Structure formats: C-alpha cells, structure tokens
1. Just checking, how many residues over region 89-133 are assigned to a strand (DSSP E or B) and either without any contact (Cβ under 8 Å) to a residue 40 or more places away in the chain or open to solvent by less than 80 Å² (accessible area, probe 1.4 Å) (or both)?
2. Output the residues belonging to region 124-157 that are of a type in the set (Asp, Glu) and at pLDDT 90 or above.
3. From ASP73, ASP139, grab the single residue that is among the acidic types (Asp, Glu), in contact with a helix residue (DSSP H, G or I) (Cβ under 9 Å, 6 or more places away or on another chain) and surrounded by 19 or more Cβ atoms within 10 Å (Cβ to Cβ).
4. Which one is farthest from the chain's Cα centre (by Cα) among residues in region 47-85 that are in a loop (DSSP other than H, G, I, E, B) and of a type in the set (Asp, Glu)?
5. Do we find a residue being of a type in the set (Asp, Glu), assigned to a strand (DSSP E or B) and either surrounded by fewer than 16 Cβ atoms within 10 Å (Cβ to Cβ) or at pLDDT below 90 (or both) anywhere in region 38-46?
6. Restricting to region 134-157, name every residue that is outside any loop (DSSP other than H, G, I, E, B), closer than 16 Å to ALA74 by Cα and under 15 Å from the mean Cα position of the chain (by Cα).
7. Do you know which residues across region 50-70 are of a type in the set (A, V, I, L, M) and open to solvent by less than 10 Å² (accessible area, probe 1.4 Å)?
8. Is there a residue being at pLDDT below 90 and hydrophobic (A, V, I, L, M, F, W, C) anywhere in region 22-37?
Amino acid sequence: MKAKLLFLFVLAAVLAGCKKSKFTTEPQVEIKSVKVGDLVDAFGNSGKFVELNLTVTDKEGDVQDSIIIDKIDAGTPACPGNSLLDDDYKMPEFPGEPNQKVNVRVRYSNISAVGYALLSGNDCPSNPHVVKFRFTVRDKAGNRSQPVESEVITLPF
C-alpha cells in the first residue's frame, strides 16, 4: 500500500512540474488593471484619465511592432461616434530575447497632458460614455495575439 501511495505522490509531483509554458509563438496579451481618475496638467488644468495596464508575453521576443487598440461603444442605445478610436501604438522596448514578458501602460485623458494620448469626449451627451477597449499585439514575424477586451468602462468625460 505504501508503494502505491509513493507512486501516486511521485506521479502527482512530476505532473505538477510539467506545466505548460505561458510563452507561445503567437504573442499573448492580458489586461492586468484599469484605472479611471482625475488629472491635473502642468498648467493647473484639470481633467480625467483612463489607464490600462497590460502584460505582453512572446516566445521569440520579437514583439516590437505595435499594439492595435480599438475603442468600442458599449452604450445602449449605441453611439457610433464613441467608437472612432483605432490607433496603432508602438510597443515599448521589448528585450528581444526568447520567453519575454513586458508590462505596457496605455494612458488616455481628455486634456492635453504629458504621457497621455488625447481621447475625445462623449459624442452622445444624452447617454453615458460607456466603452470597452480591445487590444491586439503584432510581432515582427506578423503573428498576432488573440484580441482581448477590457470590461465595460464608464468614462467621466
């Protein structure tokens, strides 16, 4: 009986040690956090911001192309003018070595501020500015990650 238990314990330990690597040829993107808040620029102007923190992994380490960002209107009824964002962001410096992980911060505000891209206000003022952001990452070899969407975000501008 002890031999069987020992065998099962060893087998469980081996299987636990053989977990699948999180690094794949196709880049992977994951949304880690979303923040919405107040912002004051260098001139004392106040505004609002949204910040999305992402983690990007890649087996080859060649994710040095761009992030494709779509802003999707999530309001009911829909407000087509709130889905006009379609930007390609340059990736931050990726180490370029195999099995790499990089944190990416995407920041928007409704005022011109250093470190923030400008995001227009609500095109349908009678409805709340409710959106989702979708991210896709592309590497130098042309591989694309699966699109990842944020939860629904109510923007205060």
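The values are calculated or read from the model by the stated rules, or taken from the named source; none is laboratory data. Computed from a predicted model, the values in this text were never measured in an experiment. Don't worry about glycine lacking a Cβ; one is built from the backbone with ideal geometry, like all the others, and counts go over all protein chains shown. Side chains are part of the model used for accessible areas, which takes the heavy atoms of the whole protein and leaves out ligands, DNA and RNA. Shrake-Rupley method; radii C 1.70, N 1.55, O 1.52, S 1.80 Å.
1. Just the residues of region 89-133 that are assigned to a strand (DSSP E or B), to begin with: 89-90, 100-109, 117-118, 129-133.
Cutting the leftovers down to either without any contact (Cβ under 8 Å) to a residue 40 or more places away in the chain or open to solvent by less than 80 Å² (accessible area, probe 1.4 Å) (or both) gives us 89-90, 100, 102, 104, 106-109, 117-118, 129-133.
Number of matching residues: 16.
2. Within region 124-157, GLU149, GLU151 qualify.
3. ASP73
4. GLU60
5. yes
6. First, the residues of region 134-157 that are outside any loop (DSSP other than H, G, I, E, B): 134-138, 144, 148-149, 153-155.
From what is left, the residues that are closer than 16 Å to ALA74 by Cα are 134-135, 148-149, 153-155.
Across region 134-157, the qualifying residues are ARG134, PHE135, VAL148, GLU149, ILE153.
7. VAL50, LEU52, LEU54, VAL56, VAL63, ILE67, ILE69
8. The answer is yes; a qualifying residue exists.
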